[in-house]
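The structure appears below as structure tokens.
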There are 2 protein chains.
Amino acid sequence: MTDTPPSAFLEQLTAALPAAALRDIAPHYLEEPRGRWQGHACAVVAPDTAEQAAVAVRLAADAGVPVIPYGGGTGLVGGQVADCGAAPLLISLERMTRLRSIHPDENVMVVEAGAILSDVHDAAQAAGRLFPLSIAAKGSARIGGLLATNAGGVNVLRYGNARDLCLGLEAVMPDGNIWHGLKRLRKDNTGYDLRGLLIGSEGTLGLITAAVLKLAPRPAGEGTALMVVDGPAAALKLLALARDHMGEGVSAFELMHRQSLDFLAETMPQVRQPFAARPEWFVLIDVGLARGLDPAEALETLFADALEAELVSDGLIAQSEAQRAEFWSVRESVPEANRLIGSVSSHDVSLPLGAVAGFIEKGGEVIAALGDFRINCFGHLGDGNLHYNVFPAPGRSRADHAGQREAIKRAVHDLVHEMRGSVSAEHGIGRLKVDDLERYADPAKLVAMRAIKAALDPRGIMNPGAVLRI
Amino acid sequence: MTDTPPSAFLEQLTAALPAAALRDIAPHYLEEPRGRWQGHACAVVAPDTAEQAAVAVRLAADAGVPVIPYGGGTGLVGGQVADCGAAPLLISLERMTRLRSIHPDENVMVVEAGAILSDVHDAAQAAGRLFPLSIAAKGSARIGGLLATNAGGVNVLRYGNARDLCLGLEAVMPDGNIWHGLKRLRKDNTGYDLRGLLIGSEGTLGLITAAVLKLAPRPAGEGTALMVVDGPAAALKLLALARDHMGEGVSAFELMHRQSLDFLAETMPQVRQPFAARPEWFVLIDVGLARGLDPAEALETLFADALEAELVSDGLIAQSEAQRAEFWSVRESVPEANRLIGSVSSHDVSLPLGAVAGFIEKGGEVIAALGDFRINCFGHLGDGNLHYNVFPAPGRSRADHAGQREAIKRAVHDLVHEMRGSVSAEHGIGRLKVDDLERYADPAKLVAMRAIKAALDPRGIMNPGAVLRI
């Protein structure tokens, strides 16, 4: 599946870039984590500077060769792999990994787009600060990709998503010019929000080469609790109560169902079950508080008030860092347990918080009407973001339901849309959800998106086929 | 200065809209607070619904008549008044003031764009919540205008600016279609960030008719202190220390100079001077803390640590709500004192926090080289946002320096730009700073902005002449 590219373009590229920037088309550039697509490419370059990246984009623009910005390759919706059309040039950020500067008193750092998330975490920590964005793929995901997809994760409730954590960008625009927008400013009302537009555009409007990231002070003390709730509606009230008590101190608020504990017991018995009897619904609450407050005490007070308000019936408050890690390991092991069971269909959706309980109820009815399935619904309740996964009944496998996958997906997404939610909360559109975007997006927004794409990338070279149909 | 409009357009407008939507061209629609521009208009309409607004925009688009979205009329850069070109249609949001819904458990409210900011504050408070955006003009500014200009104010440090406080929009696009984007979602990665793009575009890309606003929990306890610092650099270190102690609990951090106290003593002797001897530099710190913390005690602890670190030399911690109000009245009276003295030139600038002290030092040298002036520099240090105002020496008036105004503005803005700051932190570009934007903006950003404007508003009807030159 390797097209023959215009040889003149490859010659120009070789002549214009230093040898170190030219890469072999290694297989890993053409794969993605879920194995749904096999990409192709005419060349891979790894520029060392924004100027080198700009040279590559300009040559591609002149030759009409598609460009795919390539970060850590961890995206789940195929934004990083082109599997049809002319073979693209992959521009990998792997050599642009510098921490350009860090400003602890400003709560700011400036990093290149190839920096790996966990390295950014370490650099912030070494400066006594926190970079709060955190996702499972933090050991390989790169800042440029995290921004291009507006990544989320477990701390969005408190700190926002990737867009909220970025003050400025340096990017190569589709015409090959560099936008020097690395502003370390908290207030800047000089023109349109090009920063916010490029963030989340999945490489279709430009190539991010560096970013100004917002850091946060490290909380003085942290604590974690598991609390058994009567259901999703009670969990939502508990969240509101927690925020009344602790304000922004609530860092994560994760909803879980008994199905998760059952799957863990079945597939990962080494994960310690927190409750003697597995509850129907429970939440994990993580807090990071200011000096003078004891997190465990604050969680005790919250639990007592919640008990009085009949929102909770049982609770466990971590008494040590080891216990905090144990509670978190329950939550963090759920995706692996799900993988071992094997879902028929999985969905990354968000809803207005007030609609979450109703969605879970109606979702159960909708799925039951389609057959005998198990549902494991869990996620970032504080953000209204549910991972809503549908599994075969015991004794059956996902292969038994292969033909029902589309119907399940459609039923779940239709319900989400009807309840004014989003069919892509965190992962983006990529190539996987182009049809969903066309089906569910507001028509005026789609018109505006297409107009913006055509205006900024008139030759359509930037990641064609991602987000918008070619 | 009233042009004769195409009479067919006015006839169509009259036929298409209910009588209650048709307004006289009252003088106040054509004026702005600083009296720099006198606008003109061919008609004023006040739609009651987004659909009526859409009808008006579509008719204007067909007739090629410019459209000016009109909120509270409080903007300081002339974004709301067209003073040349074809006489525009003003679309006033004054009748779209409904609170469509409020969701305290979600920390969300949905309001129409004509809602006045102080009414939004009241509605949030009645629901036990806080809408944190606050500016001096809160009694007349409307939500649509606040969003269109990405308003800032004193609480940006903690809660962000208008863009950060909005989850979704309903807007009439330049082609007269309505974008139904009133999503109450914290995570939604389905396509480009049209919300962020319209916010801050000053009515040049569409007309905002309603918005989903983020609310915050009300802090359990609040406190205020004034602390004398060695200078801006020490103030910045004090801010970092305060955030180490209290995290997000620091709501406002305002830098003030002795010049403010001198001006207050001269023009507003009724404002109580907080210090026996007026200090060179001091800060106002406002905190809002979670349950279990006493704000006055937390400020005492901060002061003790700061004293040990030699960042502060004196301090006053409010012991009552009355004293908090007294401290705030010092800060809030400064703009009026400035007005009574009469500035030669005033500037709304922002800088990287680490550059603030250097800017203040160099700014003093730059101004001194231009003549004998007094500088009153104060502002939202936590955001790097300074109000940098230049006054005549005692015994002289602003009129004596009328010819120097442009040179002062240019010198201040050149210095801000050189230090990687912004020449419009809060107020926007409007018609006042179109030249500044062209002079200081990154060329690639300007190219992108013009392309976006042409793509979304190909006929150029939306607020022509604001932000971008026609």
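Projecting the Cα atoms of B:LEU213, B:VAL154, B:LEU167 onto the charge dipole of the stretch B:99-217 (Cβ charges, centred on the Cα centre) puts B:VAL154 farthest toward the positive pole.
For GluC sites (Glu not before Pro), the sites in the stretch A:275-314 that DSSP calls loop and that have at most 14 other Cβ atoms within 10 Å are A:GLU280, A:GLU310.
Protection proxy ranking, highest mean first, for peptides A:416-427, A:25-36: A:416-427, A:25-36, where packing is the per-residue count of other beta-carbon atoms within 10 Å, averaged. Of all DSSP bridge pairs formed entirely within the protein assembly as shown, close to 85 percent run antiparallel. Taking the empirical scaling 2.2 N^0.38 Å for compact globular proteins as reference, chain B has a Cα radius of gyration ratio of 1.02. Within 10 Å of the Cβ of each residue in B:156-164, the mean number of Cβ atoms contributed by other protein chains is 3.
Taking Cα centre as origin and charging only the Cβ of basic (Lys, Arg, +1) and acidic (Asp, Glu, -1) residues, the dipole magnitude of the protein assembly as shown rounds to 1640 debye. Projecting the Cα positions of A:LEU351, A:ALA309, A:PHE327 onto the charge dipole of chain A (unit charges on Cβ atoms of Lys, Arg, Asp and Glu, taken about the Cα centre) puts A:LEU351 furthest along the positive direction.
Taking the Kirkwood radius as Rh and the Cα radius of gyration as Rg, the protein assembly as shown has a ratio of Rg/Rh equal to 0.96. Using a loss threshold of 50 Å², tell me which positions in the stretch B:439-462 are less accessible in the complex than in their chain alone. Probe radius 1.4 Å, ligands and nucleic acids ignored. Those residues are B:ASP442, B:ALA444, B:LYS445, B:ILE452. Each peptide among B:370-376, A:347-353 gets the average number of other Cβ atoms lying within 10 Å of its residues, and from highest to lowest they stand as A:347-353, B:370-376. Any idea which of A:LEU255, A:ALA411, A:ASN389 is furthest toward the positive side of the dipole for the protein assembly as shown, if Lys and Arg beta-carbons carry +1 and Asp and Glu beta-carbons -1? Among A:LEU255, A:ALA411, A:ASN389, the one farthest towards the positive end of the dipole of the protein assembly as shown is A:ALA411. Among the protein heavy atoms of chain B, carbon and sulfur supply 50% of the accessible surface, probe 1.4 Å, non-protein parts ignored. Rounded to the nearest Hz, the phi-derived 3J(HN,Hα) couplings of the stretch B:24-41 under the Karplus curve 6.51 cos²θ - 1.76 cosθ + 1.60 (θ = phi - 60°) are 6, 7, 5, x, 5, 5, 10, 10, 9, x, 9, x, 8, 10, 10, x, 9, 7, where x marks glycine and proline. Rounded to the nearest 0.05, the FRET efficiency derived from the C-beta distance between B:ILE135 and B:GLU297 at R0 = 35 Å is 0.70.
If you take all other residues with their beta carbon under 12 Å from the beta carbon of B:ASP457, and give Lys and Arg +1 and Asp and Glu -1, the sum is +2. The stretch A:290-365 and the stretch A:63-125 have Cα centres lying 32 Å from one another.
Dipole size in debye (nearest 20) for chain A around its Cα centre, Lys and Arg Cβ +1, Asp and Glu Cβ -1?
Dipole about the Cα centre, nearest 20: 900 debye.
For B:VAL447 and B:ASP414, what does the FRET efficiency come to when R0 = 25 Å and r is the distance between their Cβ atoms, rounded to the nearest 0.05? Given R0 = 25 Å and the Cβ-Cβ separation, E is 0.65. Here B:ALA368 yields copy-to-copy label distances, from shortest upward, of 8.0 nm, the label point defined as 7 Å from Cα along Cα to C-beta. Angle of helix A:232-246 to the longest C-alpha principal axis of chain A, folded into 0 to 90 degrees and rounded to 10: 80°. With respect to chain B, whose longest principal axis is taken over its alpha-carbon atoms, helix B:50-63 is tilted by about 70°.
Computed from the C-beta positions of B:ALA454 and A:GLU438, the FRET efficiency with R₀ = 25 Å rounds to 0.50.
Between B:SER313 and A:ASP230, the simple label model (points 7 Å from Cα in the Cβ direction) yields a spacing of 6.1 nm.
Summed for both chains, how many Å² of accessible area, to the nearest 100, are buried between B and A with a 1.4 Å probe?
Protein heavy atoms only, the B-A interface buries about 7000 Å².
Solvent-accessible surface, computed for protein heavy atoms with a probe of 1.4 Å, shrinks by 40 Å² or more for the following residues of the stretch B:272-294 when the other protein chains are added to the isolated chain: B:ALA290, B:ARG291, B:LEU293. Between the stretch A:184-211 and the stretch A:395-470, the C-alpha centres lie 23 angstrom from each other.
Solvent-accessible surface of the stretch A:7-92, taken per residue with a 1.4 Å probe and all protein chains present: 38 Å². Amide H contacts under 5 Å for A:LEU167: A:VAL212, A:LEU213, A:LYS214, restricted to partners 5 or more places along the chain or on a different chain, H placed in the peptide plane at 1.01 Å from N. Under a model in which nothing but the beta-carbon of Lys, Arg (+1) and Asp, Glu (-1) is charged, the stretch A:7-92 shows a dipole of about 180 debye around its Cα centre.
Averaged over peptide A:428-435, the number of partner chain Cβ atoms lying within 10 Å of each residue's Cβ comes to 1. Label sites at B:GLU280 and A:GLU332, each approximated as a point 7 angstrom past Cα along Cα to Cβ, lie 5.0 nm apart.
Taking Cα atoms, how many degrees apart are the long axis of helix B:321-341 and the longest axis of chain B, rounded to 10 and kept between 0 and 90? The helix B:321-341 is inclined about 70 degrees to chain B.
Bridge orientation summary for chain B: considering DSSP beta bridges with both residues in this region, about 85 percent are antiparallel. Look at the alpha carbon pairs under 8 Å that are at least 6 residues apart: their mean separation over the length of chain B gives a relative contact order of 15 percent. With the label put 7 angstrom out from Cα along the Cα-to-Cβ vector, A:GLU336 ends up 6.4 nm from the copy partners, going from closest to farthest. Judged by the mean number of other Cβ atoms found within 10 Å, the most tightly packed of the peptides A:9-18, A:432-441 leads the ranking A:432-441, A:9-18.
For the stretch A:7-92, just say rounded, prolate or oblate: build the C-alpha gyration tensor, square-root its eigenvalues into a ≥ b ≥ c, call rounded for a/c under 1.5, and beyond that prolate if a/b exceeds b/c, oblate if not. Since a/c reaches 1.5 and a/b is larger than b/c, the shape of the stretch A:7-92 is classed as prolate. B:ALA26 label point (Cα plus 7 Å toward Cβ) to equivalent points in the other copies: 6.9 nm, shortest first.
Its DSSP H runs of at least 4 residues, each contributing -39,500 (n - 2.57), put the calculated 222 nm mean residue ellipticity of the protein assembly as shown at -10500 deg cm²/dmol, to the nearest 500. With a 10 Å cut-off around each Cβ of A:196-208, the average count of Cβ atoms from other chains is 3.
When you restrict to C-alpha pairs under 8 Å that are six or more residues apart and normalise by the size of the stretch B:316-470, the relative contact order lands at 25 percent. Summarising the amide proton neighbourhood of B:HIS387: residues at separation of 5 or more, or on other chains, whose placed amide H is nearer than 5 Å comprise B:PHE378, B:GLY379, B:HIS380.
For the stretch A:64-170, the relative contact order works out to 22 percent when only alpha carbon pairs closer than 8 Å and six or more residues apart are counted.
The values are calculated or read from the model by the stated rules, or taken from the named source; none is laboratory data. No experiment lies behind these values; they were computed from the predicted model shown. Here Cβ is always computed from backbone atoms with ideal geometry, including for glycine, and neighbour counts include all displayed protein chains. We work out accessible area using only protein heavy atoms, side chains counted, and drop any ligands, DNA or RNA first. Shrake-Rupley method; radii C 1.70, N 1.55, O 1.52, S 1.80 Å.
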